[in-house]
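Undergrad: Mind looking over this structure? Questions follow.
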Amino acid sequence: MSEISFDEWAEIYEPVRNIFSPHASFEGTMFETHGEEWEFIKHTPANRVWTYISENGDWIVPGRRFANRIGYFVTSEGHNDAGVAVDIRL
């Protein structure tokens, strides 16, 4: 799996703003794991969903994950199961 920075990822995949919470983390782009935000994630095409996980560091990875999840992102560009992990420390 390739590692890229958050800025590189944002430029390539274009995370969308969280319409439910204007003060969401990551400049308003992270979605929570419950309530109306989770309902939105469940109904978003899978190839546009990413999961923020804490597993041997903090990462954003393609797809819906449940273990060690912190939140979700939705992007304008689909990932098509890209072999990429976003290291949010880079």
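The values are calculated or read from the model by the stated rules, or taken from the named source; none is laboratory data. Note that this is a predicted model, so its numbers are computed, not measured. Note that we place each Cβ from the backbone using ideal geometry, even for glycine, and neighbour counts take in every protein chain shown.
Undergrad: Give all pairs with beta carbons closer than 9 Å in which a residue from the stretch 5-20 that is without any contact (Cβ under 8 Å) to a residue 24 or more places away in the chain meets a residue that is among the charged types (D, E, K, R) and not in a loop (DSSP other than H, G, I, E, B); count only pairs at least 6 apart in sequence or on separate chains.
TA: Between residues of the stretch 5-20 that are without any contact (Cβ under 8 Å) to a residue 24 or more places away in the chain and residues that are among the charged types (D, E, K, R) and not in a loop (DSSP other than H, G, I, E, B), the close pairs are Ala10/Glu27; Arg17/Glu27; Asn18/Glu37; Phe20/Glu36; Phe20/Glu37.
Undergrad: Condition check: at pLDDT 95 or above and basic (Lys, Arg). Does Arg17 satisfy that?
TA: The answer is yes for Arg17.
Undergrad: Of the conditions (1) modelled with pLDDT of 95 or more; (2) within 13 Å of the chain's Cα centre (by Cα), Glu27 fails just one. Which one is it?
TA: Only one criterion in (1) modelled with pLDDT of 95 or more; (2) within 13 Å of the chain's Cα centre (by Cα) is unmet by Glu27, namely (1).
Undergrad: When only residues in the stretch 76-86 that are exposed (fewer than 15 other Cβ atoms within 10 Å of the Cβ) and at pLDDT 90 or above count, which is nearest to Val16 (Cα to Cα)?
TA: Among residues in the stretch 76-86 that are exposed (fewer than 15 other Cβ atoms within 10 Å of the Cβ) and at pLDDT 90 or above, the one nearest to Val16 (Cα to Cα) is Ser76.
Undergrad: Next question. Can you tell me which residues in the stretch 28-46 are charged (D, E, K, R) and either in contact with a helix residue (DSSP H, G or I) (Cβ under 9 Å, 6 or more places away or on another chain) or within 18 Å of Ala85 (Cβ to Cβ) (or both)?
TA: Glu32
Conditions (1) loosely packed, with under 15 Cβ neighbours inside 10 Å; (2) among the polar types (S, T, N, Q), marked per residue:
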| site | (1), (2) |
| --- | --- |
| Trp9 | no, no |
| Asn18 | no, yes |
| Pro22 | yes, no |
| Gly28 | yes, no |
| Glu37 | no, no |
| Ile53 | no, no |
